[in-house]
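Structure record follows, encoded as structure tokens.
All of the numbers you see were taken from the coordinates with simple rules; none came from a lab. If you're wondering where the values come from, they're calculated on a predicted model, not measured in any experiment. No Cβ is skipped: glycine too gets one built from the backbone with ideal geometry, and neighbour counts run over all protein chains shown.
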Amino acid sequence: MSRKQKNMLVRIIVTAVLFAGLFVFEKFVPITSRILRLAVYMVPYLVISYDILKKAFKGIIKGQVFDENFLMAVASVGAVAIAVYENGSYNEAVAVMLFYQIGELFQSYAVGKSRRSISELMDIRPDYANIEVDGKIEQVDPDEVEVGSIIVVSAGEKIPIDGVIVEGSTTLDTSSLTGESVPRNAKENDEVISGCINLTGTVRIRTTKPFGESTVSKILDLVENSSSKKSKSEQFISKFARIYTPAVCGGALALALIPPVVSLIIGKEAMWLTWIYRALTFLVISCPCALVISIPLSFFAGIGGASKEGVLVKGSNYLETLSKTKIVVFDKTGTMTKGKFEVTEIAPIGIDRDELIRLTAYAESYSSHPISRSIKDAYGKEIDASKISDVNEISGNGVLAVVDGKKVAAGNSKLMDKLGVEHTVCDKVGTVVYVAVDGKYCGYILISDALKPTSVSAVKAMKDCGVRKTVMLTGDSKKVADAVAKELGADEVYSELLPADKVSQVERLLADKSEKEKLAFVGDGINDAPVLSRADIGIAMGALGSDAAIEAADIVLMDDDPMKISKAIKISSKCLRIVNENIYFALGVKALCLILGAVGIANMWVAIFADVGVMVIAVLNAIRALSVKKL
């Protein structure tokens, strides 16, 4: 609890004790002197209300009259004036301010809780970097580290800047960035991002970006600036409050003046005090605190909850738009697939499986082609160059080499035909490397860009959360695209597309959808940036995605997990549901109480509930948006 909150709590307790003491005292010993009653009741009244009265006075001086401080000040001062005039009860005047301040304290605590959840994210900011200079370790500000420098990160320290491990291996805690609780292993030549916590071994990292462009800096910038982009709901409430507050002040004034004047005109008793009391009750009921506080708090909590789960939303306007998403268009490579070639099948014929991959890896060892690298990665052992001779790479066909005295041919179907090797053509999706040893066909190795582990379930999860159409766009061949789309369960697929073609397809889908529906595009590459900007909502893969894609996107998924797409939609839907609940609840209760107050059924105690009670309930409801773990 902050110092300000502690001071407020003390004032509330002191006021409550004095108020209760006076109430009990007067039950046994009534204070008959009007001046003495005013004096003793002004003590608890001023203890609890002096700051509200001060703010209201300053607002009047500055011309910023119509706010909640003005409404509460007028209502409570009016109640005091009536009590003085009638030598009546001051209980309502004190109670209005007491319960209002209790509500304000509660609201302050709730906002503080939301901000603390955001500040936990801010803990990823590194305080220093250990830079290696002439064999010595120096502790410097991360901003001072140049690209290409070697930094040393020991166990328990945060990785301060994005880079590549050049020495050592470790386990990384990425939970602050991605929401993923399972640690990740990292070894030499692996890329690592800033903000992760090094759990085990000491590693040396060559930096690849300046601190200002590193992952941690971008995350903090996105979260800190998210509140500047307001949703339509927040804009509506701001405009509503500017019109609503002067309107209810005018309504209260009319309620205080018109009925008594009409009564005088028709020859009846004016009952000025009765109508002034109703007008004051009307003012307390009409205070827009519940809406003005709870709506921005709901979005703030929603963005904070999403950030803790590795979903960075650049503004509450994007969170609101995402909740209306009915069409999700996604790129294939790097978004739904891993974005790198790997061996997905080894099919030996008349040879041991391990021997087939060994001979092929040796034959491909001198090639830098991605296909060759994937075969060497699948073999996973050191290659003894002394066992290889007579290497001949045939462009567009494959490679010939002598390995351990055996003539190995590894390549496509054209190479097998050229060598006169009979083989069975494999029609599976991917790149097929046929292998022959000493002129005899020994099987094939299938290499493809494998789907991410969660891609299939991610598409199903999108459908489950209300998405009516999923569309895959890719530059790959029709055969590969159709096979991947079928495996994913996508509704539509468009292949062999250039970046401009992807934009055209998205524009066509935008034109075909209804006005209320929103279209989201999910991508990761630099060529996806134009489409991300064109869609209603752009979602970028943040961990391995390009800087251009992250810059163009409205939402960033920090761990590249497509399951987070449906997670983000669920978070936005929950947040908007809470916002609407608060709007309907607050306006409904206030409208009912305003009517009851105007006709004299609702008194000041009902007004206190309509103001403070509704605000507390709305704030409690708003902070539910922080809880997104189980969505």
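Taking square-rooted eigenvalues a ≥ b ≥ c of the alpha carbon gyration tensor, is region 123-171 rounded, prolate or oblate, where a/c under 1.5 means rounded and, failing that, a/b exceeding b/c means prolate? The shape class here is rounded. Each Lys and Arg Cβ is given +1 and each Asp and Glu Cβ -1; about its Cα centre, the chain then shows a dipole of about 3100 debye. Compared with the dominant principal axis of the Cα atoms in the chain, helix 370-379 is inclined by about 90°.
Taking a straight Cα-Cα cut-off under 20 Å and skipping sequence neighbours fewer than 8 places away in the same chain, the aspartates and glutamates within cross-link reach of LYS136 are ASP127, GLU144, GLU146, GLU157, GLU167. Sorting SER368, SER533, SER323 from the fewest to the most surrounding beta carbons within 10 angstrom yields SER368, SER533, SER323. Restricting region 344-403 to chymotrypsin sites (Phe, Trp or Tyr not before Pro) that sit in a DSSP loop and have at most 16 other Cβ atoms within 10 Å of their own Cβ leaves TYR366.
The share of alpha-carbon pairs in the chain lying farther apart than 42 Å comes to 46%.
Of the residues GLY538, LEU594, GLY398, the one whose Cα sits farthest towards the positive end of the charge dipole of the chain is LEU594 (charges of +1 on Lys and Arg Cβ, -1 on Asp and Glu Cβ, taken about the Cα centre).
Extension gain for ASP51 to TYR584 (0.36 nm times residue separation, less C-alpha to C-alpha distance): 188.8 nm.
Sorted fewest first by neighbouring Cβ atoms within 10 angstrom, ILE595, ILE578, ILE285 come out as ILE595, ILE578, ILE285. Note on VAL262, VAL153, VAL435: ascending count of other Cβ atoms within 10 Å places them as VAL262, VAL153, VAL435, the fewest first. Near VAL391, the amide H atoms lying under 5 Å from its own belong to VAL402; only residues 5 or more places off or on other chains count, and H is placed 1.01 Å from N. Calculated on C-alpha atoms, the gyration radius of region 257-399 divided by its Kirkwood radius gives an Rg/Rh of 1.60.
Anisotropy class assigned to region 339-450 is rounded, per the alpha carbon gyration tensor with a/c under the 1.5 cut-off. Count Lys and Arg as plus one, Asp and Glu as minus one, and take only other residues whose Cβ is under 13 Å from that of SER372; the net charge is then -2. As an exercise, identify the chymotrypsin sites (Phe, Trp or Tyr not before Pro) in region 270-314 lying in DSSP coil whose Cβ has no more than 15 other Cβ atoms within 10 Å. Of the chymotrypsin sites (Phe, Trp or Tyr not before Pro), not one in the loops of region 270-314 has a Cβ with at most 15 other Cβ atoms within 10 Å. Determine the percent antiparallel among the DSSP beta bridges restricted to the chain, to the nearest 5. Bridges in the chain are about 75 percent antiparallel. For trypsin sites (Lys or Arg not before Pro), the sites in region 412-517 that DSSP calls loop and that have at most 13 other Cβ atoms within 10 Å are LYS428, ARG468, LYS516.
The angle separating the long axis of helix 68-86 from the principal Cα axis of greatest extent in the chain is about 20 degrees. Other residues lying with their Cβ under 11 Å from the Cβ of ASP476 contribute a combined charge of -1, Lys and Arg counting +1, Asp and Glu -1. Other residues whose C-beta falls under 11 angstrom from the C-beta of GLU132 contribute a net charge of 0, scoring Lys and Arg +1 and Asp and Glu -1. How would you classify region 1-94 from its alpha-carbon gyration tensor, with a ≥ b ≥ c the square roots of the eigenvalues: rounded for a/c under 1.5, else prolate if a/b is greater than b/c, otherwise oblate? Cα axes put region 1-94 in the oblate bin.
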